[in-house]
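Below: one structure, written as structure tokens.
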Amino acid sequence: QVQLVESGGGLVQPGGSLRLSCAASGSIFSIHVMGWYRRALGKQRVMVATITHSGGTSYTDSVKGRFSISRDNANNTVYLQMNTLAPADTAVYSCYAAGVVASPPGDSAYWGRGTQVPVSS
């Protein structure tokens, strides 16, 4: 069974940096897209950044130039480097994997449980 486990969240001061990690476990052959979404209190979940198996990236406008997504295909891990964090970045950040090919065959998309990132002084 495929599982996604996030790590690296926690309280950070405005202007600070944080690096999130998400490891996918299970008998995985490949993952097409991995990414990060976030949900702020009282708001809908939104895409933050995604990365394809070949390294193509996409970012929501509000994080361009501040956040950087990367992945380690050999270890089915995705990272989100977050710099110059602001209170508006406060949210629960969830890892996402789509186009998952695994054994035994299961769902093609999976979500992590999320990690909290409060940005406050």
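The values are calculated or read from the model by the stated rules, or taken from the named source; none is laboratory data. Here the structure is a predicted model, which means the values were calculated and not measured. Virtual Cβ from ideal backbone geometry, glycine too; neighbours counted across all protein chains shown. Keep in mind that these areas ignore ligands, DNA and RNA; they rest on the heavy atoms of the full protein, side chains included. Shrake-Rupley method; radii C 1.70, N 1.55, O 1.52, S 1.80 Å.
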Find all pairs meeting these conditions: Cβ atoms under 6 angstrom apart; at least six residues apart or on different chains; first residue within region 42-55 and within 17 Å of residue 117 (Cβ to Cβ); second residue open to solvent by 80 Å² or more (accessible area, probe 1.4 Å). 45/39
Output for Cβ contacts, cut-off 8 Å, separation at least six or different chains, first residue closer than 22 Å to residue 48 by Cα and open to solvent by 50 Å² or more (accessible area, probe 1.4 Å) in region 22-35, second acidic (Asp, Glu) and not in a loop (DSSP other than H, G, I, E, B), reads none
Identity of the residue in region 28-41, of a type in the set (A, V, I, L, M) and in a strand (DSSP E or B), that ends up modelled with the lowest pLDDT: 28
